[in-house]
Amino acid sequence: MFEMQYMDRLVSLGKTIALSVVMLPLLDAATIPLTIDLELESQYPDADLKRGYVLQGAVAQNHERYLYAIRKSHQIGNELIGIFRDINQFDHGVLFRSYRSRGEGYWGADGEQEEFYLENGNIQTHINSQFLEMCQLASDGGMQAVFQLAGTPVEGLDDGSVRQLFTLDPGREYHGNARYYPIPIESEFGLLADTLYQWMFKLQEGIGRFDSIWLGTQEPEHTLGFPDGIKTSEFRHQNLTDYIKLWKTVSDRLHTAGMLTGGMQNNAGANSGQKFMDSVHALAAENCPIDFFSIQNYSGQFNQRIIDEAFLALDSNELFKDTKLLFHRYQPCEDIDECFETTAGIIKVLKAERILLDRSDRIYGYNFHTRAKGSELGESLLAFLNRMPSKRLNISGLLKNGLGGFAYINEDQSHISIALWNDSEEVVDTEIRLLNRGSLDLTVSAYRGEDIIFRTNDDIIYDRLSGSLLGIHFEPDQYHFVELRSTESKNIAHICSSEDGSNLVEVIPSEKLILADIVNLSCDYPLRDLSEVSFYDEHGSLLLGLEIEKSLLNILANNNARPVPFEGEVSSLILKFSSATVDIYLNEQWLASQAYDATGLQLGRVEFKADNLCFENLQNQLRFSTEPLRKPIVPIEETKL
């Protein structure tokens, strides 16, 4: 019995290939040789980037899409999540409109107390119970929240209007082509800081962790309003400096309580250097403490210039020389529709990622702004990056024929991750020689992106004799992810006795458990000793159960039992998982498909009841057999749905 994390086809991309010694073929003249020295120190820092999603839009209701995005973020190993609130309850159609009047599901619509309200002449705070539940879900999934509180709090009323709790600055008006987040008059900055801090502290206390990162209003240069609603470059700078005065009063209180803060939520582009420099000078002038210099980076195609200009600004003042960058909204390529929907787009994301990895000693992380959620290519990319070890390796021979990539290894050399891409218009073949690998015996998991599909790649193999990865073939705009794991690393699966005298294959959870982490088990007995395979959710409820009984396979799912007959002895059982369906193969022949509730797999457990058996894992599938696997089985194209 064990706690098991999510195993759908986007995340559980392990494909264990039993290694056999083969002779190294002669290198074709058109094959580009690459080498990776496992012991050569890289000039680049260790990777410690945290990644996540922004919940789409300003959160104002317990909408199912938010809960789904939080669960999905946890499933693919994200460590950050962006949760943004418009606390002045701004609406484009009506400048101030209460959430509680917008209909069922919005904060306060069920009669719950407003989060900011006036009582006996004093401003009080309350954490909405549904919002707390949402934040708790993210916290339970191990994600660090990046909260952005935009605007000045109001009290929403039942008639749709709001009660202003602060005296807004009369010198600023809405200018009509941006969101509007007014600030109070300067004499009320302290009162606003006290109110926000009280609310922030209650939320942190409610979720049981105090490591959230707090940001203020986004892009204050142009969202605080302008005199007579007319935007000017001079007043943009005034907005920036005035907001830093306000944010200092908040940051001081947060730092006193040991809480984390960021600034200044500037929008980044091809020419942001002066904006960054102005922000740093204003922060220094106010002695405003920040833990992160936060940027809304919608222009990842300019990553190198953006981070160079940001570091130049930060390094211009002793107060901020060690401050890390945080892209709290991040769009890594110019065409957002292309970014996560095509392999050419993913290659652009990978190239932008490499620039961030090169400076990961001073970049804390990022939250993807849009589109990555729900994209097969985007989610599989994040899952791979989140599994990646931290120590950088040099790949010799790149930058030829359009090839690019990066590679990482862990301290004991038991896990190597390699990303490679071809952004040329030419077909490219390559192989990778691993130097100083010692006596490592490695298994390989390989997958590729082509067109708009992410799939397993059975062509890439590891030749133990030569220490080379062979069969790496690129079509134009194609990329490969390769993961190598040592068979000598610590076992994550083992056989243990159960109370009834039979044995269970128990998988011990690691921090980020995926199918590829489950090592092979030896088999000494025929498969007829396998009687049950059962998957449970975190509450112990059965999600999917299989019982082998003579010539029947009983499938239990969705509170129903379904007998499926078969003929002959069982020599192998294969379970191939897609997002909410499992395909069942007996003796490597498809037998049945079964839909089931996959939402509980991320925190559930799986039991394999047997005396002893051979248990292996491949790309999004589990295999039980009387003999170890020696070749790929059931190509993904042949899966019956």
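The values are calculated or read from the model by the stated rules, or taken from the named source; none is laboratory data. Predicted model only: the values in this text are computed from it and were never measured. Because the Cβ atoms are built from the backbone with ideal geometry, glycine has one as well, and the counts that use them run over all protein chains shown. Ligands, DNA and RNA are stripped out before the accessible areas are found, and what is left, the full protein with its side chains, is counted by its heavy atoms. Shrake-Rupley method; radii C 1.70, N 1.55, O 1.52, S 1.80 Å.
What to note about this one:
- When the alpha-carbon atoms of segment 201-281 are used, the pair Rg, Dmax equals 14.9, 45 angstrom.
- Full extension of the chain segment joining Asp48 with His473 gains 150.0 nm, where the gain is 0.36 nm per residue of separation less the Cα-Cα distance.
- Ordering of 340-346, 584-590, 570-576 by packing is 340-346, 570-576, 584-590, highest average first (other Cβ atoms within 10 Å, averaged per residue).
- Accessible surface, per residue, of segment 202-286 when the full set of protein chains is kept, probe 1.4 Å, Å²: 35 Å²
- Estimated inter-spin distance, Asp322 and Asn122, nm [label 7 Å along Cα→Cβ]: 3.9 nm
- Annotation: extensible slack from Gln164 through Thr256 equals 30.3 nm (criterion: 0.36 nm per residue apart, minus Cα-Cα distance).
- Checked against a 19 Å cut-off, the cross-linked pairs Lys50/Lys391; Lys50/Lys373; Lys231/Lys275; Lys202/Lys245; Lys72/Lys324; Lys324/Lys348 give Cα-Cα distances beyond that limit for Lys202/Lys245; Lys72/Lys324; Lys324/Lys348.
- All alpha carbon pair distances within segment 167-244 were sorted into 10 Å bins beginning at 0; the resulting P(r) in whole percents reads 18, 42, 26, 12, 1.
- Take the Cα of Asp441, step 7 Å toward its Cβ, do the same at Asn559, and the gap between the two points is 4.9 nm.
- Quotient of C-alpha Rg and 2.2 N^0.38 Å, computed over segment 277-339: 1.23
- Segment 112-151 - Debye-derived log10 I(q)/I(0), Cα point model, q = 0.32 Å⁻¹: -1.06
- Heavy-atom accessible surface of segment 316-452, averaged per residue, reaches 34 Å², computed with a 1.4 Å probe.
- Based on the reciprocal of the average 1/r between different C-alpha atoms, the Kirkwood radius for segment 72-122 equals 13.7 Å.
- Per residue, the convex hull around the alpha carbon atoms of segment 38-175 comes to 174 Å³.
- Kirkwood-based Rg to Rh ratio, segment 32-74, C-alpha trace: 1.34
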